[in-house]
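The values are calculated or read from the model by the stated rules, or taken from the named source; none is laboratory data. On a predicted model such as this, the values are computed, not experimentally measured, just so you know. Cβ placement follows ideal geometry from the backbone for every residue including glycine, while neighbour counts extend to all protein chains displayed. In case anyone asks, the SASA skips ligands and DNA or RNA and just uses the protein heavy atoms, side chains included. Shrake-Rupley method; radii C 1.70, N 1.55, O 1.52, S 1.80 Å.
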Amino acid sequence: DFATSSGSFTINSNSASFTVTPTADTLTEGQETGTIKIRTGSVGGTVVATDTFIINDTSTSPTYTLSAPSQINEGSSGTVNVATTNVANGTTLYWQVTTGDTPADFATSSGTITINSNAGTFIVDPTSDGSTEGSEFFAITVSGTVSGTAVTKTSAMLEVVDPASPTYAVVAPTDIDEGSAGTM
């Protein structure tokens with residue numbers, strides 16, 4: 001919590017002052033109490049005065065937002081964006097596509113993201129598997145550890161559309177007389 005936790009000062013005219021500066025960090029810890037002990041001689045000397053003070057937490061916990069395309073065709077690729085707050089440049093997070101037959105449905109189903117300027121991106125690439133299976137839904141998650149704290153798992157849903165799926169349409173006559181057959 002402090003870059004310097006001890007030091008010395010000189011008393012002049014029965015008074016002295018010194019500065020205490022708590023370290024500004026990105027961990028949300030809540031309000032903390034600090035204690036000052038004045039000792040004679042050195043860090044191990046006799047305590048001659050003690051006082052406490054409050055350290056107000058001005059940091060904010062990191063946040064993570066994941067935005068993926070709502071749909072991607074099999075055989076195409078899409079960019080997933082990760083927006084963060086209070087995450088240091090160079091932080092590595094981990095992404096994974098889950099649910100469904102993931103290894104067969106994606107060329108790559110997991111990887112890493114490097115956060116810089118509170119942002120990162122990665123590519124998802126659903127494989128064109130030649131099977132007619134209709135749309136499939138997958139969850140994409142981001143996880144990891146930032147400053148010793150586990151990232152709350154963040155996820156987004158992705159629909160993979162099978163362009164080989166047959167489409168059906170009904171063409172009806174505009175009107176049919178009562179008692180008559182209509183061809184559709």
ask   = Could you give me the ³J(HN,Hα) list for the stretch 63-73, computed from phi with Karplus coefficients 6.51, -1.76, 1.60 and θ = phi - 60°, whole Hz, x at Gly and Pro?
value = 10, 9, 10, 10, 10, 10, x, 6, 9, 9, 6
query = Roughly how big is the stretch 11-93's charge dipole about its Cα centre, with Cβ charges of +1 (Lys, Arg) and -1 (Asp, Glu), in debye to the nearest 20?
reply = 320
remark   = Under 5 Å from the placed amide H of Phe106, counting only residues 5+ away or on other chains, we find Thr127
query = What's the long-distance tail for the stretch 1-144, i.e. % of Cα pairs beyond 23 Å?
reply = 58
query = Taking a probe of 1.4 angstrom, what is the accessible area of Tyr94 in Å², to the nearest 10?
reply = 110
request  = Assuming 1.002 mPa s and 20 °C, estimate D for the stretch 29-77 with Stokes-Einstein, Rh taken as the Kirkwood radius over Cα pairs, in µm²/s.
outcome  = 132
